[in-house]
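These notes concern the structure reproduced below.
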């Protein structure tokens, strides 16, 4: 499929993609942004599209994954979007709960065990605990994705063995 044919078919899906974006975001402006980002990704990744496969399904998958990734990024940043007129959610007091002493002690012991891991296992594991995804950890540390996954697996395994011995 030539670039012109690909672009023509992509533009013909715009109405369907717009409806799908609206169903995901429930906001017209966010839907437009999601549509634009999806079309940009589809055009830049055109070489990954297998000829004569389902272009509609491919672009819908790009849109769904883009929406999910954007949502995860917003959650990780802990942004509070309050669209109420009187900023009700921002002004609402948050309840604080006391941590039981035995729970606090267990958390301290677990943190000691994590700090006792070798750096090659501890660093990827701590990044995972901070909310980073495997791919982000691999990029940040300059490691292959499989290496990051195996190091986190071995860190968990070591921690489980230590916890079984200590508790």
Exercise for review: Compute the relative contact order of the stretch 101-166 as a whole-number percentage, counting only Cα pairs closer than 8 Å that sit 6 or more residues apart in sequence.
Suggested key: 35
Check your understanding: Using the scaling law 2.2 N^0.38 Å as the reference, what is the normalised Cα Rg of the stretch 114-156?
Key -> 0.98
Review point. What nm distance separates the two modelled labels at residue 144 and residue 110, each placed 7 Å from Cα along Cα→Cβ?
Key: 3.2
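None of the figures in this text is laboratory data; all of them are computed from the coordinates on show. Everything numeric here is computed off the predicted structure, so don't read it as measured data. Cβ atoms come from the backbone with ideal geometry, glycine included; neighbour counts cover every protein chain shown.
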